[in-house]
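Novice: Below are the structure tokens for one structure; questions will follow.
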Ligand code: PEP
């Protein structure tokens, strides 16, 4: 059985004080004992270490929002996968739509980052998702296929246990508009079939496929109830413990 993963993406938000307060609020409020639920938070780089010291010993795991593909050297402003494992990150988010569409990352760059992070033992949350114009012109599946093929190029089946896919329709991110449970399930089913055809049935069955796009406490239950939705990547609602905890609780309720 696949475990749920509820992952928070804080993006470029918080201060040193608010990051500590939020992490502490989650550690105090979360209870995952005997559940099939994993919880992850991804603060901005400057706060990773201090958040790590708060979540240590709790079930809350630590992820980064990006990594560079080179191991070290003259790459001003970048952070390597090795640095992330060194400070205790278990996961990294790659290919987020803001990195694709605001910062211009191509599938080729994302693929190099995927390999660099897998080589360091990080679990990669690979984000894929279509723009509104793609959906309106019936291109959703071809966009997802291109991003999956490009992002996972050269990744062998044996490494796929360290990959999580996040389906994030770009039109639903930060907009308050959520994909309907049926739209989410159809995209997740497509992704799972793609994994079966391009890898094998075992990889496809075991893959955690998260939904992201305006997930909140009020819609988490019906989204997470879909057969092929194995968790959520949450932006806005992960910035307050009293908004993130109900999403975790929805997963806990469905897993028991
Ligand atoms: C995200 O940033 O990955 C995201 C899904 O954001 P939001 O939940 O705010 O739509």
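What follows is calculated from the coordinates using simple rules that are stated; it is not laboratory data. None of the values given here were measured: they were computed from a predicted structure. With ideal geometry, Cβ positions are generated from the backbone for all residues, glycine too; neighbour counts draw on all protein chains shown.
Novice: Kindly provide the pair-distance distribution of region 27-167 built from C-alpha pairs, with 10 Å bins from 0 and whole-percent values in order of increasing distance.
Specialist: Taking all Cα pairs of region 27-167, the binned fractions are 11, 38, 33, 16, 2 percent.
Novice: Cα-based Rg of the chain per 2.2 N^0.38 Å, rounded to two decimals? All intermediate terms of the calculation are to be shown ahead of the outcome.
Specialist: Details: Rg = 16.9 Å, N = 256, 2.2 N^0.38 = 18.1 Å.
Rounded to two decimals, the normalised Rg is 0.93.
Novice: Further question on the same structure: If you build the convex hull over the alpha carbons only and average its shadow over all orientations, what do you get for region 126-256? Give it in nm² to one decimal.
Specialist: Working: hull surface 31.5 nm².
Average projection, Cα convex hull of region 126-256: 7.9 nm².
Novice: Give the Cα extents of region 114-201 along the principal axes, in whole Å, largest first.
Specialist: Cα spread of region 114-201 along its principal axes, largest to smallest: 36, 27, 20 Å.
Novice: When a/c reaches 1.5 or more, the comparison of a/b and b/c decides; with that in mind, is region 1-110 rounded, prolate or oblate per its Cα gyration tensor?
Specialist: Numbers: a/c = 1.88, a/b = 1.52, b/c = 1.24.
Taking the square roots of the gyration eigenvalues as a ≥ b ≥ c, region 1-110 is prolate.
Novice: Gaussian network model of the chain, Cα springs within a sub-10 Å range: biggest mean-square fluctuation belongs to which of 104, 231, 217?
Specialist: Comparing 104, 231, 217 in a Gaussian network model of the chain, the most mobile one is 104.
Novice: So, one more: Quickly estimate the mean residue ellipticity at 222 nm for the chain, helices only: each DSSP H run with n ≥ 4 gives -39500 (n - 2.57), and the total goes over all residues, rounded to 500. Could the numbers behind the result be given before it?
Specialist: Details: 11 runs with 110 residues, N = 256.
Computed ellipticity for the chain at 222 nm equals -12500 deg cm²/dmol.
Novice: How do 177, 143 rank when sorted from fewest to most other Cβ atoms within 10 Å of their own Cβ? Don't skip to the answer; put the middle values down first.
Specialist: Numbers: 177 12, 143 17.
With the sparsest Cβ surroundings first, the list reads 177, 143.
Novice: With a 10 Å cut-off between alpha carbons and a GNM built on the chain, which of 160, 148, 83 moves the most?
Specialist: In this elastic network of the chain, the residue with the biggest mean-square fluctuation among 160, 148, 83 is 83.
Novice: Let me ask something else about it. With contacts defined as alpha carbon pairs under 8 Å and 6 or more residues apart, what's the relative contact order of region 46-111 in percent?
Specialist: Values: 56 pairs, mean separation 20.4, N = 66.
Relative contact order comes out at 31 percent.
Novice: While we're looking at this one, here's another question. Quick one: Cα centre-to-centre distance for region 182-256 and region 90-134, in angstrom?
Specialist: Each part's Cα centre sits 18 Å from the other's.
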